[in-house]
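Single-structure report; data block below.
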Amino acid sequence: MNNKKLYEKIELETDEIVITTVRKHWFLILIELSVIILFGLVPVFCFMAIQFMTVPASVTSFIMTQTPLIIFCLSAWLLMSTIAAATSWTGYYLDLWILTDRRIIVIDQITYFNRKVSNFRLERLQDINVSIRGLIPTLLNYGIIRAQTASASENNFISFGLPDPRGLQSQIQAAMDARLTTIEKIPDAALE
Amino acid sequence: MENIPHLALPIKTIVTLGFYLFVIIYLVYSVVFYYHWQNYSMSKAASTATYIAYFSITLSLLALMGLSLLAL
């Protein structure tokens, strides 16, 4: 992670330290890309199936005579699949979770031109719940994190598919405790 | 049914129009794609790798479409 660039893209407060940045679990993008690749290879499977089947002579002659047209259609199909894969990859990579010593920044790239950036101050966070449901999430250790904020102006947040949610929960908890300690010290320092 | 004008375009014209439509959609999508990665990516290395993968695959496929169109 290039932190200099991170600071340029997201304005951090003075002396704010990035503790960790998290993306969704790799298994989620792997599943999405695998489905798209299989979808892209459908015409190839069709041609392979035709080779093992007895097809009418007209179909065979069409394939033999219209090869450029078939290549054109195949390329168009693969191009659409590549665009679908690029969209999926963009959604995965531009979704980001940043934990700093003062707040949690949740960047949600929902679709193109639909981007949501939310800030949750650590001192206003209350309950943090982690849930890991299902066989694959349990085996690969990814799940959902929910948190409630005390502030009326900030919404509660929920993030799906985060890797090692329990580890992340303890990191948030530690950062929250540290933040509350720092805030408690500020008036004392001012009095001195 | 007899009053409906019968439009018979040769296959090459239809494919050529389809190709131009594809090129327009591809260009618009690529601009949107580039804009997002340029503006929102946190890592220059990841952006560069993504650009290389995306443009090398898609431009090759587009070139293949153009060449097969010429061979029609």
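The values are calculated or read from the model by the stated rules, or taken from the named source; none is laboratory data. Worth saying up front: this structure is predicted, and the values here are computed from it rather than measured. Methodologically, a virtual Cβ is constructed for each residue, glycine included, from the backbone with ideal geometry; neighbour enumeration extends over all protein chains shown.
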- Filtered residues of the stretch B:26-67 (kept if in contact (Cβ under 8 Å) with a residue 40 or more places away in the chain and more than 7 Å from chain A (Cβ to nearest Cβ)): B:Gly66
- Message: I'm trying to understand the selection: among the residues of the stretch A:20-30, which are surrounded by 13 or more Cβ atoms within 10 Å (Cβ to Cβ) and either modelled with pLDDT of 95 or more or under 13 Å from the mean Cα position of the chain (by Cα) (or both)?
- Response: A:Thr21, A:Val22, A:Arg23, A:Lys24, A:His25, A:Trp26, A:Phe27, A:Leu28, A:Ile29
- Note on the structure: Checking A:Leu99, A:Leu41, A:Leu79, A:Leu74 in turn, the sole residue that is away from chain B (no Cβ under 11 Å) and either touching a strand residue (DSSP E or B) at 6+ places or on another chain (Cβ under 6 Å) or buried (at least 17 other Cβ atoms within 10 Å of the Cβ) (or both) turns out to be A:Leu99
- Tell me, yes or no, whether the stretch A:164-176 has at least one residue that is more than 20 Å from the chain's Cα centre (by Cα) and at pLDDT below 85. no
- Query: Here are some conditions: (1) surrounded by 11 or more Cβ atoms within 10 Å (Cβ to Cβ); (2) facing chain A (nearest Cβ under 10 Å). B:Leu70 meets all but one. Which one does it not meet?
  - Reply: (1)
- Message: For a quick check of your reading of the model, give me the residue pairs whose first member lies in the stretch A:104-128 and is closer than 30 Å to B:Ser30 by Cβ and within 14 Å of chain B (Cβ to nearest Cβ), whose second is among the aromatic types (Phe, Trp, Tyr) and outside any strand (DSSP E or B), with beta-carbon atoms closer than 9 Å and at least 6 apart or on different chains.
- Response: A:Ile107/B:Tyr40; A:Gln109/A:Tyr92; A:Gln109/A:Tyr93; A:Gln109/B:Tyr40; A:Tyr112/B:Tyr29; A:Tyr112/B:Phe33; A:Tyr112/B:Tyr35; A:Arg115/B:Tyr40
- Query: Is there a residue in the stretch B:36-44 that is within 20 Å of the chain's Cα centre (by Cα) and either not hydroxyl-bearing (Ser, Thr, Tyr) or not in a helix (DSSP H, G or I) (or both)?
  - Reply: yes
- Is one or more of the residues making up the stretch A:10-23 more than 8 Å from chain B (Cβ to nearest Cβ) and under 27 Å from B:Ser56 (Cα atoms)? yes
- Message: Just to be sure I understand the filter: pairs with C-beta atoms under 7 Å, separated by 6 or more residues or on different chains, first member in the stretch A:160-186 and part of a loop (DSSP other than H, G, I, E, B), second member surrounded by 13 or more Cβ atoms within 10 Å (Cβ to Cβ). Which pairs pass?
- Response: A:Asp164/A:Asn141
- Task: Determine whether B:Thr16 is more than 9 Å from chain A (Cβ to nearest Cβ) and surrounded by 12 or more Cβ atoms within 10 Å (Cβ to Cβ).
- Result: yes
- Hits in the stretch A:114-129 (condition: part of a strand (DSSP E or B) and in contact with a Leu (Cβ under 8 Å, 6 or more places away or on another chain)): A:Arg115
- Message: Among the residues of the stretch B:45-72, what is the count of those that are over 15 Å from the mean Cα position of the chain (by Cα) and not β-branched (Val, Ile, Thr)?
- Response: 9
